[in-house]
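K.L.:
Got a structure here, written out as structure tokens. Questions coming.
The values are calculated or read from the model by the stated rules, or taken from the named source; none is laboratory data. Keep in mind it's a predicted model, so treat the numbers as computed, not measured. Positions of Cβ are generated from backbone atoms using ideal geometry, with glycine treated the same way; all protein chains shown enter the neighbour counts.
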Amino acid sequence: MVLRLNVNGTVRETAAAADTPLLYVLRNDFALTGTKFGCGAGECGACTVLVDGRPLRACRTPVGELTNARILTIEGLGTAAHPHPLQAAALTEQAAQCGWCTGGMLVAAKALFDRNPKATESEVRAALADHLCRCGSHNRIVRAVLRAGRAPRRT
């Protein structure tokens, strides 16, 4: 059976079984490798994507549940020529040391700003609290998210 998924605004097809984790389909079938495998148990946040605007862990979300959903990965946030303000701020703040957690944190931050465009530092920290950063860039990522909050927004 072929499943159709709306990923980054494009309908894509996969022959993956309905219980296959979205993470595997994104990385292996669609070559969208910005979404990272971290722990495989939904605890670290490296695999976070937005599904209908809500952050979800792709490592534990079966693709069969997403056929009518809009999925946004870090690749769908912006482009090299036109980065999303969150991506631009991450570069300015040098927020990605190893980069493993960055994609998940930035899409989670997008969900926060879509709900609350004037998020405070404590709200940003709360929104990112369940994302693990092993290389110590967490404070730079928070600064980048706050910087992006001051930048002009695009959806």
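K.L.:
Would you call G34 in contact with a helix residue (DSSP H, G or I) (Cβ under 6 Å, 6 or more places away or on another chain) and free of Cβ contacts under 8 Å to residues at least 24 places away in the same chain?
P.N.:
no
K.L.:
Okay, moving on. Can you work out which of the residues in segment 23-70 that are among the aliphatic types (A, V, I, L, M) and within 21 Å of L128 (Cα to Cα) is nearest to the chain's Cα centre (by Cα)?
P.N.:
Once the filter is applied, the top-ranked residue is V49.
K.L.:
Among the listed residues V11, V25, V2, identify the single one that is of a type outside the set (S, T, Y) and buried (at least 20 other Cβ atoms within 10 Å of the Cβ).
P.N.:
None of the other options fit; the residue is V25.
K.L.:
For T102, state whether it is outside the structural domain of A15 (by TED's automatic domain parsing) and over 25 Å from L22 (Cα atoms).
P.N.:
Against the criterion (outside the structural domain of A15 (by TED's automatic domain parsing) and over 25 Å from L22 (Cα atoms)), T102 does not qualify.
K.L.:
Follow-up question, since we're still on this one. If I filter segment 63-84 down to residues being of a type in the set (V, I, T) and assigned to a loop (DSSP other than H, G, I, E, B), which single residue comes out as surrounded by the most Cβ atoms within 10 Å (Cβ to Cβ)?
P.N.:
T73
Yes or no, residue by residue, for (1) loosely packed, with under 12 Cβ neighbours inside 10 Å; (2) in contact (Cβ under 8 Å) with a residue 60 or more places away in the chain; (3) in the same structural domain as E43 (by TED's automatic domain parsing):
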site	(1), (2), (3)
A89	no, yes, no
A95	no, no, no
E123	no, no, no
L132	no, yes, no
G136	yes, no, no
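K.L.:
Looking at A148, A108, A58 in this structure, which one is touching a strand residue (DSSP E or B) at 6+ places or on another chain (Cβ under 8 Å) and in contact (Cβ under 8 Å) with a residue 60 or more places away in the chain?
P.N.:
A108
K.L.:
Within segment 80-97, track down each residue that is polar (S, T, N, Q) and either touching a Leu at 6+ places or on another chain (Cβ under 8 Å) or closer than 19 Å to R12 by Cα (or both).
P.N.:
Correct list: Q87 only.
K.L.:
Anything in segment 1-55 that is of a type in the set (S, T, N, Q), part of a loop (DSSP other than H, G, I, E, B) and over 23 Å from Q87 (Cβ atoms)? List them, or say none.
P.N.:
Of everything in segment 1-55, just one residue is of a type in the set (S, T, N, Q), part of a loop (DSSP other than H, G, I, E, B) and over 23 Å from Q87 (Cβ atoms), namely T20.
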